[in-house]
Each structure stands twice: as C-alpha cells, then as structure tokens.
Amino acid sequence: MSTQKIGIQVMLNWRKLHRRVHFYLGLSVGLIFVIIGLSGAVLVFYNELDSSFNLPAIETASSVADYDTAFVTLGKAYPEKTRSWRFEVNPSSPFISARYYQPEETADEDFAPMMVWLTKDGKQVLRRDFWGQYFATWMYNLHFRLLAGPIGGIVVGYLGIGCTYILISGLWAWWPKPKHWKKQLSVRHTHNVAVKLYDWHKLIGLCFAIPLLLLCITGVMLALPEETRRIAAPLLGPADSPKVTPLASQKQNFIPPSEALQIALTQFDSAVGAWIETPDTNSAKNYYRIRVQVPGDPSRRFPHTYIYIDGSTGQVLETFDYYEQGKLNTMMNWLHPLHDGTLFGIVGRIFWTLCGVTVFVLFVLGVFRWRYRVTRKERSTPA
C-alpha cells in the first residue's frame, strides 16, 4: 500500500473517531451547550429587556443624570447602607442605576448586590432588587454559573472546553475527502430524511463554526480567569494591578460624586465616564474609584482605566491606565467585549444572539437525525 493511501486511511479512521466523539458529546454535553447558548442569546440585550419590562416610563425635567442628588436620595432611603455605592454613568439611559455590594440581605450568597434604579434627576427611587432574584440576572447566573455559585462557574469553564471540542470534532468529521468539496457544501436532493437532517446540520454548523469557537474559547477564559492567567503568564508576563495608598483624611464632608467624576475625566484626553464608586465609610477605602473608557479600550460599559481620588480633598491618589497595563491584562480586557458582542456594535450583538439560537438548532437537528435512524432501525429489525 502506497504512503498516500496509508495517509488517507489514517485520516478516514480519525474522521470516524471524531464523528463518534462528536455524536456522543453532542447528546450529553450538547444539552448544557444549548442552555448556555440560549441564555447567552438573551443576555446580549439583557439590560434593554430588563429596563423595558421592569421600569416605568417616568418623565423628569432633567436631561442630565444628577448623581449628587441620587447619592443623597439613596442615603435617605437606605440609611443603613453606609458602604460604597456604584453608579453607572450612561448618558443615554433614562434612569440612574446604582449597585450596593455585599448587602446584609444577601450576605450568605457569593455575589448578590442590591440593585437600585432612580429617576434621572436622582430624586426618586423607582425600583429595588437583588442580583439573581429577577429574570435578567437569574439568566446571567444560569449562563455563567448554571445557578450553582462559584463551583458552577468552574464547571461551566470545563464544560466549555468540551463544547469547544464538539465544534472541532464536528469540523474534523465534516472535512471533505479529495474532490468531494462540492458535495460537502450542498444539501442533497433526496427523500432520505436522515440525509437531509445531516446536510442541514453540517452546513449550519460550518457557517457558524468560527464565531461559536470564539464564543467558547472566550467563555472558557472568562469562567476560568485564574487558570487562564497562570497559563498565559509565562508568555505574556505577570498581571498588573493598581496600588492605592489612602490619605489619612477624615471620613466626612466628601466631595460630591459629580466632582470626583470631573476630576477623573481631566486625567485622560477624550475619556468617557463609565462607573462612579463612592468612598466606603466603614473601612480605610476613603476614596472614589472612577472607571472610564479611553480611546482604544474595547469595552464601553466595563472599561479598564481607573482613577482613585481622595474623597475629602479631591486629590488623585493613583491612575491605572489601560495603555500602560501589561500584555496579560490587555488580553483579559478584550475577552468580555468579544464574548458579549459589544465590540462589534449593534450588528455584532444581533449576530451573537443568532449564534446562541444556532446552538439550539444544531442540537435539535442532531437529535432528530439520531431518533429517526434509531426508529428506522427498530422498524426494520424482525420481532
């Protein structure tokens, strides 16, 4: 037997092996892949969906968010909440949204901040909820942790590796033999239902293979950040982190949030505000932490430049500049906007939603084909 024929035979044997692995993993891990895919499709627009369904349309005279008034309103509405509040800076939003991390009501949960929405003038609380107790964040916990806390996040990460292999094995099993490319890139005209289901499964899978691989790989890295850093550090260098030394200032008469934001924005050209974190009166963290987006940062909602400002004096204590962070930080910074589609704008978000639905379609086609073949085999087997 010639070397060429041996090579072809080895490739065929590997294709057969990958087809079997693809089949069995698809019927088992594939179901989890469907849950993660569909929940991810919802989460692409979870902020918009949550606001539409759960917040009343209240008109106020203010067109600019008043974070100073909102901070005072929160202090009166929840006087026992004396730790840091985080305000999201989003000029296009008709509301002000705020978060209070580690509230007493959910102290036994790993991550369940109190979420509050106020009118844009900051004078009225419209809604209060806790993370994980309403649809949008429940869906997020399902997607990221399968509703199982930190252990669930680890499980999702390793299952994501299995889902990545499902995609790779599917590509390997599909890869055409020499001179069979046209056949493998078409839907055959036949009355055989199993063949039609297979052809549609392979073509849809082929069209979405690359974006689904990108989603799986970034998802694994987000679910297993420490493991990702340990693996990447030898190649990219250690991760950077800010080093903040608070001043020995009195914890009273803090400057207002809007002033802290303006101080932060002057530190970088063309910076756009994203989050305002107020001082914590119960700890040594007597400073504001302002999160801003600078040109080139891929994430609008969760950018990676931080400015730390003393709450009493307004002095800038530290800046953690996106441009000066190491290669490992840069890689990690790109994962979230790649994974949720925001990097590609509205078109990318719509396409990412379609990718999540595609996972369900591929699973259904595969299961239907398997059930059809099993049924035909049972019918053809003599009693």
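The values are calculated or read from the model by the stated rules, or taken from the named source; none is laboratory data. This structure is a prediction, so every number in the text was calculated from the model and none was measured. Don't worry about glycine lacking a Cβ; one is built from the backbone with ideal geometry, like all the others, and counts go over all protein chains shown. These area figures cover heavy atoms from the full protein model, side chains too; ligands, DNA and RNA do not enter into them. Shrake-Rupley method; radii C 1.70, N 1.55, O 1.52, S 1.80 Å.
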In Å², nearest 10: area of ARG371 left accessible to a 1.4 Å probe: 110 Å²
Reachable aspartates and glutamates, given that their alpha-carbon falls under 19 Å from the alpha-carbon of LYS177 and they are not under 8 places away in the same chain: ASP199
Carbon and sulfur %, accessible surface of the chain computed with the full protein complex present, 1.4 Å: 62 percent
Convex hull volume per residue in cubic angstrom - Cα atoms of the stretch 191-270: 273 Å³
Note, ³J(HN,Hα) from phi for the stretch 170-185, Karplus 6.51, -1.76, 1.60, rounded to Hz, x at Gly and Pro: x, 5, 5, 5, 7, 3, x, 6, x, 6, 10, 5, 4, 5, 6, 10
Cα-based reach from LYS123 at 14 Å (exclusive), listing aspartates and glutamates while leaving out same-chain residues under 8 positions away: GLU59, ASP66, ASP68
Listed pairs LYS81/LYS285; LYS16/LYS179; LYS202/LYS327; LYS179/LYS202; LYS76/LYS243 exceeding 27 Å between Cα atoms: LYS202/LYS327; LYS76/LYS243
Where only C-alpha atoms are counted, convex hull volume of the stretch 252-383 per residue in Å³: 185 Å³
Distant-in-sequence amide H partners of GLN315 (H built 1.01 Å from N, under 5 Å): ASP310
Under the Karplus curve 6.51 cos²θ - 1.76 cosθ + 1.60, θ = phi - 60°, whole-Hz ³J(HN,Hα) for the stretch 199-210, x wherever Gly or Pro sits: 4, 5, 4, 5, 5, 5, x, 5, 5, 10, 4, 5
Nearest-10 value in Å² for the accessible area of LEU118, using the 1.4 Å probe: 0 Å²
Distant-in-sequence amide H partners of TYR287 (H built 1.01 Å from N, under 5 Å): ASP280, GLY311
Solution diffusion estimate, µm²/s, Stokes-Einstein, the chain, Kirkwood Rh from C-alpha pairs, 25 °C, viscosity 0.890 mPa s: 102 µm²/s
Selection from TYR67, LEU25, SER380, by position along the positive dipole direction of the chain (Cβ): SER380
Two-decimal log10 I(q)/I(0) for the stretch 56-149, as the Debye equation yields it once each C-alpha is a single scatterer, q = 0.10, 0.15, 0.20, 0.25 Å⁻¹: -0.29, -0.62, -0.98, -1.26
